[in-house]
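Report on one structure; see the data block that follows.
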Amino acid sequence: MLRIGTATVGRKGDDYYFKQLSEEEKRQRQRAGYQTIRNSWNNFCGWCKRMNHPISVEHKEHMTQYNKPFLRIVANLRDSVRESKFASDFHYGILAVYTFRRNNTQYNKLKAMIIHWTMSSISFFGSHRIGDLAKSSAREDSEREKRGSHFKDVDMFAMFNERTGKTQLCIRFTEDEKGKEDNPQDRGQTTFYEDMTGPLYENCFMFCLVILLARTPFRDYQSSSRRQLLQKLLDIKVTKEQRFARIYWKHEFLGKQFFECSTKDSESIETASSLHRRHKDACYRAGLPNAPNFHDFRRKGLTNADEKH
């Protein structure tokens, strides 16, 4: 297992997650990061400006010069809070095995497992931040309930596949990116298709479809039976000339969260902290004591994209 997991040459990762950290390594990871201190200072300057008490340019420059050479050395700060680790398909496959085949966890609601795996898969294959999909505690209190994936940010289509000559369904997520609230046209998008190759646990569309069939948000397709509703969706035909047909949501769903809280029946949004907790538990069950975080999976996809483009 370790031999297969260390196929990524020259990058810290893979076998790193199977090792139990020593006490010294744990202490090193608990050190604060220089970039964190710098971001806190910048946020404080922004808050003062919004309160109509801006900090002078001279004081800003003085603090910058103080933070850079002096505070970093005296406080023994790390350059980066997160180490450059790369989680791969290998680790994702292990998590899948211990999530579906060897999982002894008793869920009060089965949707907790479905929502957790769907959001994890979207983050892995689409390189989304978890804060783009769920409610992040890093947001300001007034903004938290507005963030995450809403139905208005998710589009579903039936499209003609020229390779197979048949109609297939697909779903597209528009990221809730930082700093692009006023420019939605610049936000990144990721599309997942019905006939994606690979193991079934990698098919993000299938898990999204399970969530949609449970909530029935479709405007033009309704049925009291979920099986009949699924068949109606599969029976949609799109010609080569038509190319695609959009599947619309009901108007009352547009402002609702796509990923609702998995442990409550209310329409509150799933939180990033609860998702992270379940992810860590899944990693421990899978024999990964030094659990890879979501950024490790994102870094793998973003690095691959950077190398290709």
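The numbers here are math on the coordinates, done by the rules we state, and not lab data. Quick caveat, the model's predicted, so the values are computed rather than measured. Virtual Cβ from ideal backbone geometry, glycine too; neighbours counted across all protein chains shown.
Computed over neighbours whose Cβ is under 9 Å from that of PHE218, the net charge equals +2, Lys and Arg +1, Asp and Glu -1. The 3J(HN,Hα) values that the Karplus relation (6.51, -1.76, 1.60; θ = phi - 60°) gives for region 239-255 are, in residue order, 7, 5, 6, 6, 6, 7, 9, 7, 9, 8, 8, 5, 4, 6, 8, 4, x Hz. Gly and Pro appear as x. Over all other residues within a Cβ to Cβ distance under 14 Å of GLN242, the charged ones net out to +3, with Lys and Arg as +1 and Asp and Glu as -1. What is the calculated FRET efficiency for HIS53 to ARG187, with r their C-beta to C-beta distance and R₀ = 30 Å, to the nearest 0.05? According to the calculation, E is roughly 0.35. Each of PHE44, PHE125 was scored by other Cβ atoms within 10 Å of its Cβ. Listed from fewest to most, they are PHE44, PHE125. Ranking of MET51, MET196 by neighbouring Cβ atoms within 10 Å, starting from the fewest: MET51, MET196.
Compute the signed sum of charges (Lys and Arg +1, Asp and Glu -1) over the other residues within less than 15 Å, Cβ to Cβ, of ARG277. All intermediate terms of the calculation are to be shown ahead of the outcome.
On the way: positive: LYS135, ARG278, LYS280, ARG285; negative: GLU270, ASP281.
Net local charge, ARG277 excluded: +2.
Among CYS283, CYS204, CYS48, sorting on how many other beta-carbon atoms sit within 10 Å of each Cβ, with the fewest leading, yields CYS48, CYS283, CYS204.
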